[in-house]
1. For the stretch 45-59, give me each residue that is within 19 Å of Ala25 (Cβ to Cβ) and in contact with a helix residue (DSSP H, G or I) (Cβ under 8 Å, 6 or more places away or on another chain).
2. Just for helices (runs of 4 or more DSSP H) wholly inside the stretch 91-186: which have at least 2 residues that are open to solvent by less than 70 Å² (accessible area, probe 1.4 Å) and basic (Lys, Arg)?
3. May I ask you to say which residue of Thr80, Thr118, Thr58 is within 20 Å of the chain's Cα centre (by Cα), closer than 24 Å to Val193 by Cβ and among the polar types (S, T, N, Q)?
4. Just give me the residues in the stretch 201-250 being assigned to a loop (DSSP other than H, G, I, E, B), over 27 Å from Gly69 (Cα atoms) and at pLDDT 85 or above, in sequence order.
5. Can you tell me which residue among Pro89, Pro94 is over 17 Å from Leu16 (Cα atoms) and out of contact with any strand residue (DSSP E or B) (no Cβ under 8 Å at 6 or more places or on another chain)?
6. Condition first: over 24 Å from Gly180 (Cα atoms), of a type in the set (A, V, I, L, M) and open to solvent by 70 Å² or more (accessible area, probe 1.4 Å). Can you find one or more residues in the stretch 50-73 that meet it?
Amino acid sequence: MTLTTFTAPGPRQVHLWAVPLDGPAADTAVALAPSVLDPGERRRAARLLLPEDRRRWTTARVALRGVLGACTGLPPARITFAYGRHGRPRLAGPDGLRLHFNLTHSRDRALLAVCRDTPVGADLEHLDAGPPDDRGLDELAEAVLAPSELGAYRQLPYPDRRAALLRRWTGKEALLKATGRGITLSALSRVTVPEGAGPAYGVPGTWTLLRPPLDGPYTAAIAVPAVLGEAHTENHKNWEVVENAPTAPNEPVDHN
């Protein structure tokens, strides 16, 4: 059995794992799920109507438990979660006060972000997500973009608008997740984020966005607190993103 070794997150570090959600990884996750997932997780998976969605959700959750088990020293099946008012999971007990994580998935990929002693939010989107036509895309932009963001969006030619909107969307979702807020169209429209890395506004506190490089047709954002005493516009440069090897459910994760 292969072990993927990593060093636990340090100060100003975000550790990331990319998780494949199709193929052999999904087959293994489905086989492991009855012995790894808790009854609530199994019920949630069963409520998903499409078999493909059930397999992908299960794969992501089994991988999440593998990583968190390595971080805490617990077997994956013994990880217990508590849930906030908007359903976001966190580790129950003392570990939940120190180890923060966020799991996001889109199509056949998931992205897991883990920090120590600081909240973190993550969002991942496939670059052809959203309404299929230009009119629908513009209507979505009008609903979720702040006035300054919408002005920049409208200056773009139509072939460039989808990717630009999705970059803003991922930043907004990551920020709302990091701060424990619910994700609604009105909430998305009240926060302001850059297309790239940099400061984000519209929620209490001081936050910055990181933009991890990704393979394939995806865009992602990670939201973390800004480092106090540093220039806010350059604050994202004070964070290190540590990309770990892609994690499959049959590969327990060990750490030192």
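The values are calculated or read from the model by the stated rules, or taken from the named source; none is laboratory data. All of these numbers come straight from a predicted model, not from anything done at the bench. No Cβ is skipped: glycine too gets one built from the backbone with ideal geometry, and neighbour counts run over all protein chains shown. In case anyone asks, the SASA skips ligands and DNA or RNA and just uses the protein heavy atoms, side chains included. Shrake-Rupley method; radii C 1.70, N 1.55, O 1.52, S 1.80 Å.
1. Scanning the stretch 45-59 gives Ala45, Leu48, Arg54, Arg55, Arg56, Trp57, Thr58, Thr59.
2. 158-178
3. Going through Thr80, Thr118, Thr58 in turn, the sole match is Thr118.
4. Gly202, Val203, Pro204, Gly205, Thr206, Gly216, Pro217, Ala226
5. Pro94
6. Yes, the stretch 50-73 contains a residue that is over 24 Å from Gly180 (Cα atoms), of a type in the set (A, V, I, L, M) and open to solvent by 70 Å² or more (accessible area, probe 1.4 Å).
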